[in-house]
Amino acid sequence: MAISDTRQRIMPTPNDRSTGQPLDYHEAVLLTNPSNQYFKGEVDDKYQYSADIKDNRVHGWISCDRGVGFWVITPSNEFRIGGPLKQELTSHVGPTSLSVFISNHYAGILSLEFEEGEPWKKVFGPIFIYLNSAPSDEDPKYINKDLIYASASSAYVGLALPESQDQIMANRKQGNEIKLGNLVYDPLRIGPTIWEIGFADRTAAGFYVPDPYPDRINHLYIDHPDKYYALFFTKNTKLITSIPSRVALFTIIIFDQRFRQYGLWNRYSDLYSDRDLIYTVGNSTYQKDWFFAHVTRKTVNGTYVPTTWTILFDLDDVRSGTYTLQLALASTSYAALQVRINDPLRARPHFTTMLVGRDNAIARHGIHGLYSLYSVEVSSVQLFKGRNAIYLTQSRGEVLSADSCTTTSD
């Protein structure tokens, strides 16, 4: 099965799944007695092979013994609902290959709603199903790869007047390129930034992602070369990769695909078995000390209890007025985040998101879901000169993952 140039592997069979052990979700199965012993002890889950819509152009299957390729090609994603950063399923055990037009995966609230009698029309596609082959002496993994990608980059999009059904073939327009120049995203700031945890790229990729359980792995994502790139504009750029200097206007940070491993949400309970995460601004680093998902803790009897993360920070002076805490959440699923300032036992939190989110991105091995941003006003009378603490409580039995956490002053 091939999802990208580097996400390719031999796959287990449907029978391997049927004889395996179902895990927390029925999509995830531990392979206990596979026909190929290489897969024994590995987890198979179709969501481990999801891809952002922007990257979901070509995927499919290769028959290694016959040298035949079967591909789903999507030359344009404009018809898909959710935007380029929404994730969708691709190919998985079956062999199965999908072209998803609309789904609630990694979003949770997408739907088509119509008033009674409301006219509506939408063209889905184009979608190409492509089969090719290679000589018997050629490595099947490289079956006409260039031809496949050429097909995906030179497709036609049909246009026609609504009342003329047969003109779509005659009024075809070849795709062209629109140069937008440099697009710079400036994260929302109310005033000067006092401190920040993470960076605003709408994912949790920059935070600490733990190693998977050794008996719950997917071999594809062990030291995997397919990297997740985060690019963001900075005035004082320091390149930390070997990317050529022609992109020196951008800072580029590279993360691996470890987040696609199964069961990482339970690793928090292992790492913080008797106390919750404490992050000290100026001493802690978000790459190592901020867990990528704010989850509840699993107890010895299998139940889950709320968790409270603590952010400690110092203020040299407290100016009269209003401070703002920016909470950028990369994913939420039936979560409720409560914020308390310098008083962890306060009965009523200073702020709460209430019940929020249904994207289920963490359980589906995604590093981002439906993004949300909260601006929490903090009165200066709630702050002290010297040491302060912000308490973030995940009070529901589900999950959220942060994008960044920022404090500014007015």
* Asked: For the stretch 106-115, does any single residue satisfy the condition of being more than 25 Å from Ile3 (Cα to Cα), in a loop (DSSP other than H, G, I, E, B), at pLDDT 85 or above and not polar (S, T, N, Q)?
  -> yes
* Scanning the stretch 97-117 for residues that are without any contact (Cβ under 8 Å) to a residue 40 or more places away in the chain and among the β-branched types (Val, Ile, Thr), which turns out farthest from Ala335 (Cα to Cα)? -> Val100
* Residue that is out of contact with any Pro (no Cβ under 7 Å at 6 or more places or on another chain), among the aliphatic types (A, V, I, L, M) and closer than 25 Å to Pro12 by Cβ, where the choices are Leu112, Leu98 -> Leu98
* **Qualifying positions in the stretch 192-231 - at positive phi and at pLDDT 80 or above** => Gly198, Arg202
* Have a look at Asp16, Asp44, Asp24 and point out the one that is closer than 28 Å to Ala107 by Cβ and modelled with pLDDT of 95 or more. => Asp44
* Name the pairs: first residue in the stretch 58-72 and surrounded by fewer than 18 Cβ atoms within 10 Å (Cβ to Cβ), second residue among the acidic types (Asp, Glu), Cβ to Cβ under 9 Å, at least 6 apart or on different chains? -> Gly67/Glu138
* For the stretch 13-29, state whether one or more residues are in a loop (DSSP other than H, G, I, E, B) and among the basic types (Lys, Arg). => no
* Please state which of the following conditions Pro22 fails to meet, knowing it meets all the rest: (1) crowded, with 17+ Cβ neighbours inside 10 Å; (2) free of Cβ contacts under 8 Å to residues at least 60 places away in the same chain. => (1)
* Just need a number here: residues in the stretch 25-45 that are of a type outside the set (A, V, I, L, M, F, W, C), under 27 Å from the mean Cα position of the chain (by Cα) and surrounded by 13 or more Cβ atoms within 10 Å (Cβ to Cβ). => 6
* Condition met for Thr90 (in contact with a helix residue (DSSP H, G or I) (Cβ under 8 Å, 6 or more places away or on another chain) and within 27 Å of Leu30 (Cβ to Cβ)) -> yes
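Any residue that is more than 24 Å from the chain's Cα centre (by Cα) and under 23 Å from Ala28 (Cα atoms) - is there at least one of those in the stretch 98-121?
No.
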* strands (runs of 3 or more DSSP E) completely within the stretch 361-410 that count 1 or more residues being at pLDDT 90 or above and small (Gly, Ala, Ser) -> 372-379, 386-394
* To do: May I ask you to list the residues in the stretch 176-212 that are surrounded by fewer than 10 Cβ atoms within 10 Å (Cβ to Cβ) and within 22 Å of Leu315 (Cα to Cα)?
  => Pro192
* Asked: Are any residues in the stretch 21-42 farther than 24 Å from Ser63 by Cβ and small (Gly, Ala, Ser), and if so, which ones?
  -> Ala28, Gly41
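Which one of these is within 29 Å of the chain's Cα centre (by Cα), surrounded by fewer than 16 Cβ atoms within 10 Å (Cβ to Cβ) and closer than 26 Å to Glu27 by Cα: Gly302, Gly369?
Numbers: Gly369 fails: surrounded by fewer than 16 Cβ atoms within 10 Å (Cβ to Cβ).
Result of the check over Gly302, Gly369: Gly302.
The values are calculated or read from the model by the stated rules, or taken from the named source; none is laboratory data. All figures in this text were calculated on a predicted structure; none of them were measured in a lab. Glycine gets a Cβ as well: all are built from the backbone with ideal geometry, and neighbour counts include every protein chain shown.
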